[in-house]
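Accompanying notes for the structure given below.
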Amino acid sequence: MQLNNIENRSNQYDIAIDSGAELQIQAAIDSPDDVRIKADDGSLVDAPITAGNVRAADDVKIKARGNIEVAGAVEAFDRIELSARNDLTLLSQASLTGLDDGKARFVYLHAGDELNLDGFINAERIVVC
């Protein structure tokens, strides 16, 4: 599955993406609330994922049964959670931050195998396992 542009303008609902296989996101995902992404194979995030409008409940969750590779910006006011069954890679041009480059309240990173963090993380609290 390849996604090129997703925007939630309703101000009411989360964006939830559940791919039965590999998932590539190559354009911005913008939501006034939560963004949840799940891929049964691997995830490649190559563009910004933005969630939130300064509300504590707003977060970004990306889970994959394979690898996760982040090459763009992931922004959330509250929580950013990335969980890969295999490898989790944050490339050098990638960033995990709060909205408008502020601090996210909590960043959780989990890799079942290799964890490569070459990008930028700005958070009040970071848990890596």
- When (1) surrounded by 18 or more Cβ atoms within 10 Å (Cβ to Cβ); (2) assigned to a loop (DSSP other than H, G, I, E, B) are applied to Val107, the one that fails is (2)
- Message: Step by step: first the residues of segment 118-129, then only those that are of a type outside the set (Val, Ile, Thr) and surrounded by fewer than 18 Cβ atoms within 10 Å (Cβ to Cβ), then the one that is modelled with the lowest pLDDT. Which residue is that?
- Response: Cys129
- Query: How many residues, within segment 71-81, are of a type in the set (Val, Ile, Thr) and either surrounded by fewer than 24 Cβ atoms within 10 Å (Cβ to Cβ) or more than 14 Å from Ile25 (Cβ to Cβ) (or both)?
  - Reply: 1
- Residue check: is Lys63 modelled with pLDDT of 80 or more, closer than 21 Å to Leu115 by Cβ and crowded, with 18+ Cβ neighbours inside 10 Å? yes
- Note on the structure: Every listed condition ((1) closer than 20 Å to Asp33 by Cα; (2) within 12 Å of the chain's Cα centre (by Cα)) holds for Leu99 save (2)
- Message: What pairs come out if I take residues in segment 46-74 that are within 19 Å of Asp14 (Cβ to Cβ) and among the β-branched types (Val, Ile, Thr) and pair them with residues that are assigned to a loop (DSSP other than H, G, I, E, B) and modelled with pLDDT of 80 or more whose C-beta lies under 8 Å away, six or more apart or interchain?
- Response: Ile49/Gly72; Val54/Phe77; Val60/Asp34; Val74/Ala94
- Message: Pull out all pairs, ordered by first then second residue, where Cβ-Cβ is under 6 Å, the residues are six or more apart or on different chains, the first lies in segment 104-129 and is within 17 Å of Arg79 (Cβ to Cβ), and the second is aromatic (Phe, Trp, Tyr).
- Response: Arg125/Phe106; Val127/Tyr108
- Are any of the residues in segment 48-60 charged (D, E, K, R), surrounded by 18 or more Cβ atoms within 10 Å (Cβ to Cβ), modelled with pLDDT of 80 or more and out of contact with any helix residue (DSSP H, G or I) (no Cβ under 9 Å at 6 or more places or on another chain)? yes
- Query: Within segment 82-96, can one find any residue that is surrounded by fewer than 16 Cβ atoms within 10 Å (Cβ to Cβ), modelled with pLDDT under 90 and closer than 20 Å to Asp30 by Cα?
  - Reply: yes
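The values are calculated or read from the model by the stated rules, or taken from the named source; none is laboratory data. Bear in mind the structure is a predicted one, so any value in this text is a computation, not a measurement. Cβ coordinates were reconstructed from backbone atoms using ideal geometry, including for glycine residues, and neighbour counts include every protein chain displayed.
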